[in-house]
Amino acid sequence: MSDDLRVADLHGCVAPAAELLYEHSGPQLRGYWPHVEERLLLTSPTPGVGDWDSSYVRFATRRELERSRRDDARTPTPAPFPPASGADADVEPALLHDNPAGRLRALDRAGVAVQLLSPGASLDAALELGVNPAVGVLAAYNRWVRSYCEADPQRLKAVLQVHGGEPQWSAREIRDAFADPAVAAVTIHLPVKVAPDERNFWALWDALEETGLGVLHRPGASARVWRPHQLASYLARTGVLARWGVPIAFAGWPDGWLEPWAEQLAAPAPAAREALAAYAQAGRLLAVTERLDERDEALARLDALAPRAVAWGSGFPFGPLARADALRRAREHDGLQRRALAENPWTYLPAAAPAAPLKTPAAAAGLQ
Amino acid sequence: MEALTEPRHAVVGSEALAALQRPALEASTLPPECYRSEEAYLAEVERIFFKEWICVGRVEDMPQPGDFTSHTIVSEGVIVVRNGEGELRAHLNVCRHRGCELVNGNGSVKAFRCPYHGWMYGLNGELRGAPDFKETLHFDKAEYSLHPIRLEEWNGFVMVNLDDDAAPFHERVSHVTRWGLDKYGVDEQVTTHRWTYDLECNWKTYIENYIEEYHVPWVHSDTLQPLTPMKRHVEFPDLSDQQWDLVVAQSPGLTLSDDGDANFAVSERIQEISPEYLGLPIWMCYPSFGVIPMLDCTLYYSLLPLGPERTELKIGMLLPRDAAEAFAAGDEETCRIAGEYARNVEGFVVEDNAICVQQQRGLRSRKADTGRFCKHEGLAWKFDNWVARTAYAPAANGNGAGNGSVAGH
Ligand code: FES
Ligand SMILES: [Fe+2]
């Protein structure tokens, strides 16, 4: 690995068990806990992904709970994780909830400088609790992930989880946590009925812009409504992107979304749509992908359209942390891969200075 | 396990001990003080109940991950839980934070949460959540798991032992194959009926009663005597040197029905049992775990002392799995027959209970004295000797040995 290549992985995965969220909960969530407990499922360890070595509890969706009741399960439910990604020597035990040192060793071996950490399905399921307990769970997660990153806050980066249904709380949470060097980005859980351009949401955008933290938008409770292209064009159309210089990255989306995304950026379109491509070119809209194949058409198209529009996220430990050949080529060629791995605008988040808002006529009209 | 108290001196005087140790037909019984004194009780607790295997139920009591039962062995609370891997585990029912009892009774959890300050433990006893302990110095959650308790499953019974150094239960009872306990399919049976009694008697009175047939014609004149007359009882004191005894009410085969016929599936392997052990094999594993397998059902006993003159008796009735499932599903005919079996159990159990309590009242008399054994009480003699040897001998380190005793002067 050459010294000048600072490889950033925008999508590392963690999965704290509900026990750990409980441990990091505030008094309010603890008060709710007897009610919250009904929404937990005993869960089998998932071998091969650095999981617990014995069963643990996690938040489950209503549907999962119903299924487990129907099945009268004599064994714990399986974890909501993808199957183990083969024999990956990088995956040490307990990586998902503990053992940050083991994660750092894996980063060293792969030559990855920083990794942003996101929780997956088990945290998202907690959003089915009412807003108040859900906010309590997100706050507990934020405390937990920051303590996880304490092992090396320069390399392990927390993505704060906030709640779109509580923008005031979310703004406070962002401002409070910002001083922590480990905090690198924010995921906003968007309830179906919340529109991110509404006036009470502005406090959240203000907080993001002030702190220079970007939004990491991943599939979660809001995935059905806010797929990447939907969110991006909504935020462009309503003027949010123009008014607040907040970068947005889309990470963890299942395969197949890059093509329509490239399509959308490329298509001749009305003013807002043009702005979208401009935002991508400015590094404000970032597609995070696990695949870094130069022959990938969608990627090549995106790269041609906006050279700073693609970043790399491994999905580790569910995906291999880094493919050696990808890193080698990244070192050797000044191409898409190098930029995606090492020169994407998120490599040094939070930004020293907030990204400049892009004002376009259409955008300016949006927030009137 | 910390010692509650270590007997400072011989609980039974040397004379009384010598009298007990003579051959059964020359021996005297345990002195009555052993059935009522605090000192004898504490010695038994320390040296027997904190050291020996205790039956705390059946595997079917906790079918699903997270199902737990809780038990009290004298002062020690024990949780038995089925973990996420489907195995049974036993933990001390004591929170490692500041000692609160963790759970009460039976139930199902996904994790144990202490009711006091909310420490959370996984089903394997590991401390998983200790809120607000981040600032506490040198605190490693791994060091604060629930204390594990030894547990073994044996023929579907759940055995626990508070002594970490105890020999495995399986080894202690391996000779039961000599009389064919392994042929009844007890491990395939399921509990349908349970009884719990709080009896005002010393636990030893009940074990003696369980293991001797001398009382059958008098105490069970209408229940057991017609079915299993005393004269057909045979004791097998020399069957094994393991810590258990067997008395068999010999017959071609017995069950608990009114007419003596088996109504449920009979294990085919019973045919392999030697005839002298067939009928009503009454087995007692000391200190207090009894199994009585019959043609198509099994009774099991477990006793725990609650004090010098108070005992908790638990009895369960097992039926073959199919019958137990039909019973659980409310099948009318199965319920009727199982009910008949259970009624017959209650018939003789209440007789034994009553006579043990009555004996205890007699033993309270200041003038009560040692008695003698007849030929039908050889196993009671053996049991009493085991208790005296195990619990009443002076402490091995000899502190205060011979300084007196509560009995035998
Ligand atoms: S005593 Fe259990 S949490 Fe304090
Ligand atoms: Fe009896």
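The values are calculated or read from the model by the stated rules, or taken from the named source; none is laboratory data. In this text the structure is predicted, and so the values were computed from the model without any measurement. Using ideal geometry, Cβ is built from the backbone for each residue, glycine included, and neighbour counts are taken over all protein chains shown. Quick note on the areas: whole protein, heavy atoms, side chains included, nothing else; ligands and nucleic acids left out. Shrake-Rupley method; radii C 1.70, N 1.55, O 1.52, S 1.80 Å.
Residue-level check: of (1) under 27 Å from the mean Cα position of the chain (by Cα); (2) away from ligand 1 (no atom under 14 Å from the Cβ), B:Leu137 misses just (1).
Per-residue answers, yes or no, for (1) of a type in the set (Val, Ile, Thr); (2) closer than 26 Å to A:Gln115 by Cβ; (3) touching a helix residue (DSSP H, G or I) at 6+ places or on another chain (Cβ under 7 Å):
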residue	(1), (2), (3)
A:Val194	yes, no, no
A:Glu198	no, no, no
A:Ala207	no, yes, yes
A:Glu259	no, no, yes
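Summed over segment B:31-67, residues that are outside any helix (DSSP H, G or I), under 21 Å from the mean Cα position of the chain (by Cα) and not charged (D, E, K, R) total 7.
Checking each residue in segment B:139-149 for being open to solvent by less than 60 Å² (accessible area, probe 1.4 Å) and touching a residue at least 40 places away in the same chain (Cβ under 8 Å) picks out B:Ser145, B:Leu146, B:Ile149.
Out of A:Leu95, A:Leu138, A:Leu117, one residue alone is in contact with a Ser or Thr (Cβ under 9 Å, 6 or more places away or on another chain) and under 30 Å from A:Glu38 (Cα atoms). It is A:Leu138. Looking only at residues of segment B:75-105 that are among the small types (Gly, Ala, Ser) and within 14 Å of another protein chain (Cβ to nearest Cβ), we find that the one that is most open to solvent (accessible area, probe 1.4 Å) is B:Gly86. On the basis of being part of a helix (DSSP H, G or I) and over 22 Å from A:Arg218 (Cα atoms), does A:Ala340 make the cut? No: the conditions fail for A:Ala340. A count restricted to segment B:199-218 and to residues that are charged (D, E, K, R) and open to solvent by 40 Å² or more (accessible area, probe 1.4 Å) stands at 1.
Every residue, every condition in (1) of a type in the set (D, E, K, R); (2) not in a loop (DSSP other than H, G, I, E, B), yes or no:
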site	(1), (2)
B:Glu276	yes, yes
B:Met284	no, yes
B:Pro287	no, no
B:Val291	no, yes
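Within segment A:239-247, is there a residue that is surrounded by 17 or more Cβ atoms within 10 Å (Cβ to Cβ) and under 16 Å from the mean Cα position of the chain (by Cα)? Yes: one or more hits.
Please verify whether B:Thr196 is out of contact with any Ser or Thr (no Cβ under 6 Å at 6 or more places or on another chain), away from ligand 1 (no atom under 16 Å from the Cβ), open to solvent by 40 Å² or more (accessible area, probe 1.4 Å) and modelled with pLDDT under 95, treating the condition exactly as stated. Answer is no for this residue.
Scanning segment B:48-68 finds one or more residues that are away from every other protein chain (no Cβ under 12 Å), open to solvent by 10 Å² or more (accessible area, probe 1.4 Å) and closer than 25 Å to A:Arg30 by Cβ.
The number of residues in segment B:330-361 being more than 16 Å from B:His193 (Cα to Cα) and under 21 Å from the mean Cα position of the chain (by Cα) comes to 9.
Looking only at residues of segment B:106-125 that are part of a loop (DSSP other than H, G, I, E, B) and open to solvent by 30 Å² or more (accessible area, probe 1.4 Å), we find that the one that is farthest from ligand 1 (Cβ to nearest atom) is B:Asn106.
For every residue, the table says whether it meets (1) in the same structural domain as B:Tyr206 (by TED's automatic domain parsing); (2) of a type in the set (A, V, I, L, M, F, W, C); (3) within 16 Å of ligand 2 (Cβ to nearest atom).
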| site | (1), (2), (3) |
| --- | --- |
| B:Ser37 | yes, no, no |
| B:Leu92 | no, yes, no |
| B:His117 | no, no, no |
| B:Tyr121 | no, no, no |
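Can you name the residue in segment B:328-368 that is within 17 Å of B:Lys204 (Cβ to Cβ), in contact with a helix residue (DSSP H, G or I) (Cβ under 7 Å, 6 or more places away or on another chain) and open to solvent by 40 Å² or more (accessible area, probe 1.4 Å) and, of all such residues, is nearest to ligand 2 (Cβ to nearest atom)? So, considering only residues that are within 17 Å of B:Lys204 (Cβ to Cβ), in contact with a helix residue (DSSP H, G or I) (Cβ under 7 Å, 6 or more places away or on another chain) and open to solvent by 40 Å² or more (accessible area, probe 1.4 Å), the one nearest to ligand 2 (Cβ to nearest atom) is B:Ile355.
Annotation note: of B:Leu127, B:Leu162, B:Leu181, the sole residue that is under 29 Å from the mean Cα position of the chain (by Cα) and within 25 Å of B:Glu85 (Cβ to Cβ) is B:Leu162. Looking only at segment B:234-256, residues that are out of contact with any Asp or Glu (no Cβ under 6 Å at 6 or more places or on another chain) and either within 16 Å of ligand 1 (Cβ to nearest atom) or not in a strand (DSSP E or B) (or both) come to 13 in all. Out of B:Val158, B:Val94, B:Val176, one residue alone is within 15 Å of ligand 1 (Cβ to nearest atom) and in contact (Cβ under 8 Å) with a residue 12 or more places away in the chain. It is B:Val94. Taking B:Tyr144, is it at pLDDT 95 or above and within 14 Å of ligand 1 (Cβ to nearest atom)? Yes; evaluated as a whole, the condition is true for this residue.
There is at least one residue in segment A:96-108 that is among the charged types (D, E, K, R) and open to solvent by less than 20 Å² (accessible area, probe 1.4 Å). Annotation: B:Gly290 fulfils all but one of (1) modelled with pLDDT under 95; (2) within 14 Å of ligand 2 (Cβ to nearest atom); (3) not acidic (Asp, Glu); the unmet one is (1). Residues considered: B:Thr29, B:Thr72. Of these, the only one that is more than 14 Å from chain A (Cβ to nearest Cβ), closer than 21 Å to B:Arg372 by Cα and in contact (Cβ under 8 Å) with a residue 60 or more places away in the chain is B:Thr29. Quick one: how many residues across segment A:248-265 are surrounded by fewer than 18 Cβ atoms within 10 Å (Cβ to Cβ) and among the small types (Gly, Ala, Ser)? Number of matching residues: 1.
Restricted to segment A:1-79, the set of strands (runs of 3 or more DSSP E) holding at least 3 residues that are away from every other protein chain (no Cβ under 11 Å) comprises A:8-14.
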